[in-house]
Amino acid sequence: MQLENAVIAITGGARGLGLSMAHHLGKLGARPALIDFDNDQLDKAVNELVDAGIDARGFVANVADEASVTEVFADIRQGMGPLDGLINNAGILRDGLLVKARDGKVEKMLGLDAWQAVIDVNLTGVFLCGRAAAAAMIEDGRNGVIVNISSISRAGNMGQSNYAAAKAGVAALTVTWGRELARHGLRVAAVAPGFIETEMTASMREDMLDKLTAGVPVRRLGAPDEIAKTVAFIFDNDYVNGRVIEVDGGLRL
Ligand code: NAI
């Protein structure tokens, strides 16, 4: 797909990997529509992109809320024209062991609120935005692309029952949509990043991060633009469909 003048919605685009993708795709000629629920951060991000000569716009929405998602895709169409692509990138962490116990005594359990919050944003959000974007692109006759951001954790990870389940679901949606939507001229693929240097990894405990880095064959965290480049590759290569590309420095076993 040609990125020149393409309107690409990026959820969670106000910072981190999403903002890096907006810069990278913007430099290649795309017009990013950043969707985020953090209004202040969104303003900062859009100003930064516009200063870099990129035709970006910001849209406040909660990806986990059906009405908010419906409204935001209508607003993007009205403000920027028909959609050509979506990057389902918004995601949150609420880590915790399923059951934390010592000497046969249960100290803590993963709360239903932490479970539900992550499923709502990281899985239901992907479903809602993917559905809205696919419907819009089919009706507008665009041969668009949906890129989902999964994670290395989709294979299962200590302390991440909620996150791992959501990211495995995102990988499954990618295969399913790749099959369902191809007949309408749409492609769907995903990126499963390993550990990348962003605010999200900065919020992890330092000893956990050191342990993680030591276990990465290339001995470093990934850079956000290394994920953005993979997303651009998916947009560019019309034969990539229904697959998850792993970009993790060789970490996954
Ligand atoms: P981040 O925390 O830096 O940025 C996430 C953005 O999403 C924030 O701007 C936040 O306001 C927005 N957001 C959160 N919930 C939202 C909602 N309900 N509606 C709208 N916007 C919402 O995260 P980061 O590190 O940039 O990660 C981006 C994606 O990449 C996530 O899906 C994450 O799971 C995934 N990922 C990140 C890795 C990393 O090492 N940073 C590794 C593997 C996957």
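The values are calculated or read from the model by the stated rules, or taken from the named source; none is laboratory data. This is a predicted model, so every value here is computed, not measured. So basically every Cβ, Gly included, is an ideal-geometry build from the backbone, and we count neighbours across all protein chains shown. Please note that ligands, DNA and RNA were not included when accessible areas were found on the heavy atoms of the full protein model with its side chains. Shrake-Rupley method; radii C 1.70, N 1.55, O 1.52, S 1.80 Å.
For residues that are within 21 Å of Arg94 (Cβ to Cβ) and either open to solvent by 20 Å² or more (accessible area, probe 1.4 Å) or part of a helix (DSSP H, G or I) (or both), tally how many sit in segment 179-196. Show your work before the answer.
So the first thing to find is which residues in segment 179-196 are within 21 Å of Arg94 (Cβ to Cβ), and the list is 192-196.
Subset that is either open to solvent by 20 Å² or more (accessible area, probe 1.4 Å) or part of a helix (DSSP H, G or I) (or both): 195.
Within segment 179-196, residues that are within 21 Å of Arg94 (Cβ to Cβ) and either open to solvent by 20 Å² or more (accessible area, probe 1.4 Å) or part of a helix (DSSP H, G or I) (or both) number 1.
State all residues of segment 156-169 that are within 13 Å of the ligand (Cβ to nearest atom), surrounded by fewer than 19 Cβ atoms within 10 Å (Cβ to Cβ) and either within 20 Å of Arg205 (Cβ to Cβ) or more than 17 Å from the chain's Cα centre (by Cα) (or both); if no residue qualifies, say none.
Listed by number, the list holds a single entry, Asn157.
Quick one: which of Asp225, Asp207, Asp236, Asp248 is more than 20 Å from Ile149 (Cα to Cα) and either open to solvent by 20 Å² or more (accessible area, probe 1.4 Å) or under 21 Å from the mean Cα position of the chain (by Cα) (or both)? Outline the logic, then answer.
Working: Asp225 fails: more than 20 Å from Ile149 (Cα to Cα); Asp236 fails: more than 20 Å from Ile149 (Cα to Cα); Asp248 fails: more than 20 Å from Ile149 (Cα to Cα).
Of the residues listed, the single one that is more than 20 Å from Ile149 (Cα to Cα) and either open to solvent by 20 Å² or more (accessible area, probe 1.4 Å) or under 21 Å from the mean Cα position of the chain (by Cα) (or both) is Asp207.
Could you list all residues from segment 19-39 that are over 13 Å from Ala61 (Cβ atoms), near the ligand (Cβ under 10 Å from one of its atoms) and of a type outside the set (A, V, I, L, M, F, W, C)? Steps first, please.
Initial filter on segment 19-39 (over 13 Å from Ala61 (Cβ atoms)): 19-32.
Still in the running and near the ligand (Cβ under 10 Å from one of its atoms): 19-21.
Of everything in segment 19-39, just one residue is over 13 Å from Ala61 (Cβ atoms), near the ligand (Cβ under 10 Å from one of its atoms) and of a type outside the set (A, V, I, L, M, F, W, C), namely Ser20.
Please work out which one of (1) part of a helix (DSSP H, G or I); (2) open to solvent by 10 Å² or more (accessible area, probe 1.4 Å); (3) out of contact with any Lys or Arg (no Cβ under 9 Å at 6 or more places or on another chain) is the condition Trp115 fails and give its number.
(3)
Across segment 197-219, which residue is nearest to the ligand (Cβ to nearest atom) among those that are modelled with pLDDT of 95 or more and of a type in the set (Val, Ile, Thr)?
Here the answer is Val216.
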